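Reading through the structure tokens given below for one structure.
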Amino acid sequence: MILTFKINGEWVTQEIKPSLLLIDLIRDVLQLKGTKPGCLEGECGACSVIVNGDAINSCMYLAINVDGKEVTTIEGLENNENPLHQVQEKMLEHGAVQCGFCSPGMVMTTKAYSDKCIAEGITPTREEVKKSLEGNLCRCTGYAKIIDAAEAVYK
Amino acid sequence: MNFDVISPKTTPELLNAIYDNQSKNFRIGAGFTDLINQFKAQETEGLILINLAQLTEVDFKKISENEINFQIGALTTASELIDNKSIKENFPVLYQAANKLASTQIRNVATVGGNICNVSPSGDMTAALIALKATCHIIDCDGNERKELLSSFIRGLKKTSLTKKELIKNITIPKNFSKNIKSGYEKVGSRKSMEIAIVSLAYHLQMDDKGVITYAGVACGAVAPTIPFTTSACEFLTGKNINDISDSEKEEFAKRVLSYANPISDIRASDWYRKEVLFNISKTIFER
Amino acid sequence: MMKVIGKSHQKLDGKERVSGKAVYGHDIELPNMLHGSILRTKYPCAEIISIDTSKALSLDGVECIITANDVDVNNIGYKKDHPILKKGTVNCNRDEIAAVAARTKEIADKAIQLIEVEYKIKEGVYDPFEALKETTPRINEFGKGAEQFGNKNMAESFHYEHGNLEEQKAKSKVIIKKRYELPRVTHACIATSNITAEFNNFDGRLTLWSSTQVPFLYQRDIAHALKMEPSKIRVIQPIIGGGFGSKLDMHPFEPICALLAIKSGKPVQILYSREEEFIASPTRQPMVIELTTGCDENGKFTFREVEIIKDNGAYTSWGATTPFVMMQSYSSLYQVPACKFDSHAVYTNNPFAGSFRGYGNPQATFSIESNIDLMAEELGMSQAEIRLINANYKGEITGQGLHFKTCGAIPALKTVIEKSNYDKIMATPNTGRYRRGVGLGSMLHVGGGAKIYRSDGCGTTLKIDDYGYLTIVTGSNEIGQGSETVLAMIAMEELGIPKEKIKVINTDTDVKPWDVGVHASRTSFVAGNSLLGAIKLIKEKLSKKAIELLDVVTDDWEYANGMMRFNEFEIKLDKVVREMHFASPHELCMVNYFYEPPSKFQDKDFKGDVSGNYAFASQAIEVEVDTVTGNVRVLNVHVSQDVGRVLNPVGLQGQMEGGLATGIGYALTEEMIYEKGVLKNPSFHGYKMLTSTDMPDVHFYPIETYDEAGPYGSKGAGEAPLIPTAAAIANAVSNALGVRFYSLPITAEKVLRALASPTPPKEGLLREAKPVTKHQ
């Protein structure tokens, strides 16, 4: 099956087998290893990427369904002027990274949510920030610093 | 996983795909949040997946209203339901159920139709829709259409009335006839997020100006093979004033809800716990 | 005045981790690399009649398959009772029967399904008490229980005592005897277990990209397993996606991967699926603790007597040695005049238990702190007061010989009592649906390493290059906890070299000097002291050269901004190094240092000052119990910990919050549910770790006692935050409901059952404590 989609700002065309999962397309075919395989069953959020503005679990998403769409992975947040996105800067400032395996997923979820908040002109409460991260498990940090970092993004 | 995929863009393409594959092993999927895990656990060689994710037909996707109904396309995601102001305002039970489902990442792809057709006794949106007396609009690949009340559409554990030729196009919910509503979704689990309900209670009450209950829809999840609409509990409430329900009436209501429960014991909770909690939360819905 | 130490610093390689650039084991791809997959037993207890790999071998893409019959290996585990690949019998549900290497992971997984194994199913033994019975068959054929401990199914046994037990019992006004049950929980690292192995058949060298926490012990263990020379094994640690003790032992999949690489002649990688991670990675040791404690009429503690039966599982890993830590808490957490401790780890057909952050201490502390609350209640004394009058103090040498040269126990207790409004919440009557309560828990843990191996040391090599950049080659390991950052901070403080010019090299056993590994909250302490020792040497070297260059006599240099200064004399560090290098006698600016902590091996009675210093902490936790659902919600956590000195505040706070989250999960939601040796919840939706929405606010109050043994006075801190958490939560729930729980986790169902019936049912899901013996 031929798939044409935009990945981190660039259109690509790729032949894939129909049952390929998006995470495998990203990690194995495109060799973008920043997206992490935590559980491969939609429970931990480590593999979160952004498809047309929405954070999704790439382990539960068929690759063929990004056809014509725009996919952003953690690698897509980097540009020449700013090697790190504001969400990433805040995470480092607040000590939100320990082992870091959940971090790319945390970043992508927060990025999608913050984009949405900015677009709607909303400043979320701490409880709303916590809820926005409910699909991303972390075993190192106890979430507190990640929540602090995400909150700082909205200030 | 090694299945084949057909991705229809239009309704005729979709119906043709179903028609053409009648003799084959096919599954229909939209958000895949349950289906992919099922596929991983089984042999998928030779399986055909009819993928609804690329369907552009608005009838399957939009949320609209007319004089009597709200219509929700089967492919509406949980996130789209949450973001819809009319749903939040008119049917808090549905809004809350969608919002308590898994995580943002799952809600962004999980669809109403998928939640229904997965036929889980703990389906969050399904429980809310049953409390709202929702109706499924079903089409088949021969061009027929039919309507069926959701509570009868679900026939048993993992069973619906759908034939191999059919699928759900959309769901309708009768509009509220009153602005005075008490509506919510109680989901009991061991943590606040990422739960599959151990017990859930979906309730939607409509009252007249004086507070007299004129409509009661209460359904309970994860306590029986299917999600029951608790008719006798609802009848008990109808005609009573919401502001004036005595403790013994609350008990009676809870007992009637409980009479629909026939739970199993599993690793998450015993049948005893499920009944106990269902009874307890049923009593509390009047207090908030 | 410190410039760097005590101020928050970002994680040294944080940018790589947060940008997805850090390379974890899952991200490694070598040329021609194969993917391995392991066939595990279908039944937890069975005889293997036959194994037929022929169908799997004929599958296209399969390169090699190994079973026990194909390999010449030694048993593993510290008791050497664990075959890497099983033959004859399988003893638990993670048992490895065969392994496949294939061109893709998918093919390897498919090949595994094609291996035909014929079993004769046996009735297993899943209860350690059952296993101890005469009539029960022997579970582990390599176990030495009969010879060593008088019972064939005993895997390990510890006895400890101090003081005069009978005398202290006679003095006791109150005696409380209780039985506690602790569940099996697991680390649940977000990155699953992984290894990549490559064998060079020209020189017989094996390279392993492994997430081990203890690379040098691991090198030795792999060598023993594979009958190789340790020095031929190179262990490279990729970025590690979570440790928490899970990677303290070598597990069968690791030598298996090496064997596949040796046999196939190609690199092989094994990555666990999440399900496999739950089924086959180590767990915290479940146990039943029977604790009897007493106090006199004034509330002074008199004695502790404890008997522990641990479910060892089918093989012996580090879980069986947790009594080393547990007996410290029984003997020395608070002042304990007499103590008797017995612990037996018993073989069962359950999965074997390993080490897990806290190392037995959460279990011990749960029982101790619950009994303390009960004694206070019985005596009519405040739960805060009874703790304060018995608390450890500076200068105390405990019955076990632990010497508390500094001790923040009392300040920590006082702080959390005050900050949590403990007395007020305790006294507030509770009615209605939501009941609030508060509970206290304190802990004692090693803070300066723990001498459990012949050396508890760490080596450091330092190099300053011609351009003034510092490379720290340390034996210690980074598993996300932030040790690299602390080491860089120490170097910044001491040598005035900016962070951008510091590199920490710590991932390669061919390069780095020896260290015993990441465990026992030891890394900042041991590696920090090692680095300080090396810095002293390199400063001597720099000073000697600078004196020569500037023609000045001093050893009192100030190191700042890449310069060395003394009064009006100053010189750039890189210039000193270049002069050392390029001028006669031509030396490089490099030093080596090995630090061995002053701690001692305990004697045969387990007495002795085992750690360089000791950490103390107290937690006051406020909960709200929903009497409608039975759910317990943690509202606030007040934690005060004697950390000696705060090195990196943001890193320390992260250790606190992370530890607490695991501790709260242990108290309330996490449990591996087994039915006859089979795990029923091997997934993140079945195994309930806390999510972001469950995390309470954490209020942290560090206590600085400046212990001279630690770098800048610091103590180990990493394990402590989860140790007293379950105890404090259980005490808080008891305060909220007037009902006490003796088993973890305190699930909603247990709470509702306790509220529904005053006497809990004997059978079924609940197995509560035996009846209370009071007023003996």
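Which of the residues that make up region C:422-457 are under 32 Å from the mean Cα position of the chain (by Cα) and of a type in the set (S, T, N, Q)?
C:Ser442, C:Ser455
Can you go through C:Ile49, C:Ile28 and tell me which one is more than 28 Å from C:Asn200 (Cβ to Cβ) and of a type in the set (A, V, I, L, M)? Break it down into steps so the answer makes sense when it comes.
On the way: C:Ile28 fails: more than 28 Å from C:Asn200 (Cβ to Cβ).
Only one candidate qualifies: C:Ile49.
Quick one: how many residues across region C:29-49 are within 11 Å of another protein chain (Cβ to nearest Cβ) and β-branched (Val, Ile, Thr)?
So the answer is 0.
In region C:116-191, which strands (runs of 3 or more DSSP E) lie fully inside it and hold 1 or more residues that are in the same structural domain as C:Leu59 (by TED's automatic domain parsing) and out of contact with any Asp or Glu (no Cβ under 6 Å at 6 or more places or on another chain)?
Because the criterion is at least 1 residues that are in the same structural domain as C:Leu59 (by TED's automatic domain parsing) and out of contact with any Asp or Glu (no Cβ under 6 Å at 6 or more places or on another chain), the strands (runs of 3 or more DSSP E) in region C:116-191 that meet it are C:116-121.
Count, please, the residues in region A:29-53 that happen to be surrounded by fewer than 20 Cβ atoms within 10 Å (Cβ to Cβ) and not aliphatic (A, V, I, L, M).
The number of residues fulfilling the criteria is 4.
Within region A:104-149, which residues are under 21 Å from A:Asn52 (Cα atoms) and either among the small types (Gly, Ala, Ser) or in the same structural domain as A:Leu40 (by TED's automatic domain parsing) (or both)?
Of everything in region A:104-149, those that are under 21 Å from A:Asn52 (Cα atoms) and either among the small types (Gly, Ala, Ser) or in the same structural domain as A:Leu40 (by TED's automatic domain parsing) (or both) turn out to be A:Gly105, A:Ala112, A:Ser114, A:Ala119, A:Gly121, A:Ser132, A:Gly135.
Residues to consider are B:Ile36, B:Ile28; find the one that is of a type in the set (A, V, I, L, M), within 14 Å of chain A (Cβ to nearest Cβ), buried (at least 18 other Cβ atoms within 10 Å of the Cβ) and within 15 Å of B:Thr163 (Cα to Cα).
B:Ile28
Given the structure, is C:Ala728 outside any strand (DSSP E or B) and modelled with pLDDT of 95 or more?
yes
Here are C:Phe601, C:Phe606, C:Phe594: which of them is in contact with a Gly (Cβ under 6 Å, 6 or more places away or on another chain) and hydrophobic (A, V, I, L, M, F, W, C)?
Numbers: C:Phe601 fails: in contact with a Gly (Cβ under 6 Å, 6 or more places away or on another chain); C:Phe606 fails: in contact with a Gly (Cβ under 6 Å, 6 or more places away or on another chain).
None of the other options fit; the residue is C:Phe594.
In region B:192-214, is there at least one residue being acidic (Asp, Glu) and surrounded by fewer than 18 Cβ atoms within 10 Å (Cβ to Cβ)?
Taking every residue of region B:192-214 in turn, at least one turns out to be acidic (Asp, Glu) and surrounded by fewer than 18 Cβ atoms within 10 Å (Cβ to Cβ).
Counting just the residues of region A:86-138 that are more than 14 Å from chain B (Cβ to nearest Cβ) and touching a Phe, Trp or Tyr at 6+ places or on another chain (Cβ under 7 Å), which one comes out farthest from A:Leu32 (Cα to Cα)?
Within region A:86-138, the match that is farthest from A:Leu32 (Cα to Cα) is A:Thr123.
With the structure loaded, tell me whether A:Ala55 is away from chain C (no Cβ under 13 Å), under 22 Å from B:Glu80 (Cβ atoms) and out of contact with any Cys (no Cβ under 9 Å at 6 or more places or on another chain) or whether it fails that test.
Numbers: away from chain C (no Cβ under 13 Å): yes; under 22 Å from B:Glu80 (Cβ atoms): yes; out of contact with any Cys (no Cβ under 9 Å at 6 or more places or on another chain): yes.
It is true that A:Ala55 is away from chain C (no Cβ under 13 Å), under 22 Å from B:Glu80 (Cβ atoms) and out of contact with any Cys (no Cβ under 9 Å at 6 or more places or on another chain).
Determine if region A:33-52 includes at least one residue that is more than 13 Å from chain C (Cβ to nearest Cβ), out of contact with any Pro (no Cβ under 7 Å at 6 or more places or on another chain) and either assigned to a loop (DSSP other than H, G, I, E, B) or without any contact (Cβ under 8 Å) to a residue 40 or more places away in the chain (or both).
So far as region A:33-52 goes, yes, one or more of its residues are more than 13 Å from chain C (Cβ to nearest Cβ), out of contact with any Pro (no Cβ under 7 Å at 6 or more places or on another chain) and either assigned to a loop (DSSP other than H, G, I, E, B) or without any contact (Cβ under 8 Å) to a residue 40 or more places away in the chain (or both).
Taking region C:193-237 as the region of interest, how many residues are within 14 Å of chain A (Cβ to nearest Cβ), closer than 23 Å to C:Ile279 by Cβ and in a loop (DSSP other than H, G, I, E, B)?
Of the residues in that region, 3 qualify.
Would you check if B:Glu287 is surrounded by fewer than 17 Cβ atoms within 10 Å (Cβ to Cβ), under 20 Å from C:Asn631 (Cβ atoms) and touching a Lys or Arg at 6+ places or on another chain (Cβ under 9 Å)? Give the derivation first.
Values: surrounded by fewer than 17 Cβ atoms within 10 Å (Cβ to Cβ): yes; under 20 Å from C:Asn631 (Cβ atoms): yes; touching a Lys or Arg at 6+ places or on another chain (Cβ under 9 Å): yes.
When the stated conditions are applied, B:Glu287 passes them.
Please name all residue pairs, on different chains or six or more residues apart, with Cβ atoms under 8 Å, provided the first residue is in region C:1-28 and is more than 7 Å from chain A (Cβ to nearest Cβ) and the second residue is in a loop (DSSP other than H, G, I, E, B) and of a type in the set (Ser, Thr, Tyr).
Going by the 8 Å Cβ cut-off, the qualifying pairs are C:Gly25/C:Ser211.
When you scan region B:177-190, how many residues do you find that are surrounded by fewer than 19 Cβ atoms within 10 Å (Cβ to Cβ) and touching a helix residue (DSSP H, G or I) at 6+ places or on another chain (Cβ under 7 Å)?
So the count comes out to 1.
Could we say that C:Glu675 is farther than 27 Å from C:Pro351 by Cβ, in the same structural domain as C:Arg357 (by TED's automatic domain parsing) and surrounded by fewer than 19 Cβ atoms within 10 Å (Cβ to Cβ) here?
For C:Glu675, the condition - farther than 27 Å from C:Pro351 by Cβ, in the same structural domain as C:Arg357 (by TED's automatic domain parsing) and surrounded by fewer than 19 Cβ atoms within 10 Å (Cβ to Cβ) - is not met.
Only one of B:Ser265, B:Ser259 is within 14 Å of chain C (Cβ to nearest Cβ) and surrounded by fewer than 18 Cβ atoms within 10 Å (Cβ to Cβ); which?
B:Ser265
Within region C:407-519, considering only helices (runs of 4 or more DSSP H) that don't extend past its boundaries, which have at least 2 residues that are closer than 23 Å to C:Ala709 by Cα and free of Cβ contacts under 8 Å to residues at least 60 places away in the same chain?
Output list reads C:483-495.
Quick check on this structure: which one of B:Thr44, B:Thr56 is of a type in the set (Ser, Thr, Tyr), under 26 Å from the mean Cα position of the chain (by Cα) and either modelled with pLDDT under 95 or not in a strand (DSSP E or B) (or both)?
B:Thr56
Can A:Glu81 be described as within 7 Å of another protein chain (Cβ to nearest Cβ), of a type in the set (D, E, K, R) and free of Cβ contacts under 8 Å to residues at least 12 places away in the same chain? Steps first, answer last, please.
Working: within 7 Å of another protein chain (Cβ to nearest Cβ): no; of a type in the set (D, E, K, R): yes; free of Cβ contacts under 8 Å to residues at least 12 places away in the same chain: yes.
In short, no.
If we scan region C:675-689, do we find a residue that is in contact with a strand residue (DSSP E or B) (Cβ under 9 Å, 6 or more places away or on another chain), farther than 20 Å from C:Gln481 by Cβ and more than 14 Å from chain A (Cβ to nearest Cβ)?
Yes, because at least one residue in region C:675-689 is in contact with a strand residue (DSSP E or B) (Cβ under 9 Å, 6 or more places away or on another chain), farther than 20 Å from C:Gln481 by Cβ and more than 14 Å from chain A (Cβ to nearest Cβ).
Does any residue of region C:617-627 turn out to be in a loop (DSSP other than H, G, I, E, B) and out of contact with any strand residue (DSSP E or B) (no Cβ under 8 Å at 6 or more places or on another chain)?
First pass over region C:617-627, keeping only residues in a loop (DSSP other than H, G, I, E, B): C:627.
Now drop any that are not out of contact with any strand residue (DSSP E or B) (no Cβ under 8 Å at 6 or more places or on another chain), which leaves none.
Within region C:617-627, none of the residues are in a loop (DSSP other than H, G, I, E, B) and out of contact with any strand residue (DSSP E or B) (no Cβ under 8 Å at 6 or more places or on another chain).
Run down C:Ser714, C:Ser692 and say which single residue is crowded, with 24+ Cβ neighbours inside 10 Å and free of Cβ contacts under 8 Å to residues at least 40 places away in the same chain. Talk me through it step by step, then tell me what you get.
Details: C:Ser714 fails: free of Cβ contacts under 8 Å to residues at least 40 places away in the same chain.
After applying the criteria, what remains is C:Ser692.
Of the numbered conditions (1) surrounded by fewer than 22 Cβ atoms within 10 Å (Cβ to Cβ); (2) in contact (Cβ under 8 Å) with a residue 24 or more places away in the chain, C:Ile65 fails exactly one; give the number of that condition.
The number of the failed condition is (1).
Which one of these is out of contact with any Leu (no Cβ under 6 Å at 6 or more places or on another chain) and on the phi > 0 side of the Ramachandran plot: B:Val119, B:Val112, B:Val93?
Selected residue: B:Val119, the only one of B:Val119, B:Val112, B:Val93 that is out of contact with any Leu (no Cβ under 6 Å at 6 or more places or on another chain) and on the phi > 0 side of the Ramachandran plot.
Which condition from (1) within 13 Å of chain A (Cβ to nearest Cβ); (2) touching a residue at least 60 places away in the same chain (Cβ under 8 Å); (3) not β-branched (Val, Ile, Thr) is the one that C:Gln653 breaks?
C:Gln653 satisfies every listed condition except (2).
Just checking, does region C:704-716 include any residue being under 29 Å from A:Asn136 (Cβ atoms) and in a helix (DSSP H, G or I)?
In the first step, residues of region C:704-716 are kept if they are under 29 Å from A:Asn136 (Cβ atoms); the result is none.
Scanning region C:704-716 turns up no residue that is under 29 Å from A:Asn136 (Cβ atoms) and in a helix (DSSP H, G or I).
The values are calculated or read from the model by the stated rules, or taken from the named source; none is laboratory data. Keep in mind that what you see is a predicted model, and the values were worked out from it rather than measured. Because the Cβ atoms are built from the backbone with ideal geometry, glycine has one as well, and the counts that use them run over all protein chains shown.
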